[in-house]
Structure formats: C-alpha cells, structure tokens
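Trainee: Handing you a structure now.
Computed from the coordinates by the stated procedures, all read-outs in this text should not be read as laboratory data. Here the structure is a predicted model, which means the values were calculated and not measured.
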Amino acid sequence: MKKHAFLFTAVLFLAACATTQQYVPLASFENLSAGNALIRVERRNDFIGSTQSLQISDNGRVIGAISPGKYLIWQRPAGDFVLQIVPAFSAASNPTPLNIRAEAGKQYNFLVYREGGTFKLEQQY
C-alpha cells in the first residue's frame, strides 16, 4: 500500500510541474530586425509557486508561458508597450502592468518573482 501511495504522489507531482513555452519566435541580437527592440523576461527560481507556469503578455498578446528558472525572449517594434503577467486563478490575480518605452536596437530585461501571495514583474536595469 505504501508503494502505491508513493507512486501516486510522484506521478501527481510530476504532472503538476510547470513548463516554459514561447508562442512567438525566439529572438537575439543576431536576428533583430531594424527598428525593433529585444525583450527578455526571466522568472526567478522560487520554490513556492514552482508548479505554476505564468503567461506573459506584450500589449495584450500572450508571448508565452514561463516556469521557474527559465526565460522568454522576443523582439518587438520600438515604442510604447505594456508588459504584464496574464491574470490567472491562484497565480497572479491582480498583476500590475508595466508601461515601457523601448528604443530600437536595445535589450530590455525583466524579472518575475513571488512576493507575498502573488507574482510581481519588474524591469532590471
């Protein structure tokens, strides 16, 4: 009986693991189009909340889902945009959007981390 309980717990744990999936093409300075900026969002490797993937949006367009210790990186046209963790039940119930002005040819780095009972997104300088 103990063997079955352990196996069930292990399967349940593995099934709940977060994954990272990017829905737009990966970008780098090598393939950066003229007039675009490079955006990189990294998620801190926190233990609490580690079974949840968080979706990130750029002007309302979902870029991908990010798991702890991973990152998303894409290019976007220079100019004003809003970066946000997509609201999700029990993960980011009321995330604060970031209003950013991107310049062409530059990279902008952001960090997702857990603080208190919710996830935060902040720009890294």
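Trainee: Quick one: divide the alpha-carbon radius of gyration of region 17-124 by 2.2 N^0.38 Å and tell me what you get.
Mentor: The reported ratio for this selection is 1.02.
Trainee: For SER53, what residues show an amide H to amide H distance below 5 Å, using hydrogens built from the backbone and excluding near sequence neighbours?
Mentor: Amide H neighbours of SER53, under 5 Å, 5+ apart: THR19.
Trainee: Please list, in order along region 78-88, the HN-Hα scalar couplings obtained from phi with the Karplus expression 6.51 cos²θ - 1.76 cosθ + 1.60 (θ = phi - 60°), rounded to whole Hz, x for Gly and Pro.
Mentor: Values per residue, Gly and Pro as x: 4, x, 7, 7, 10, 10, 7, 6, 6, x, 8 Hz.
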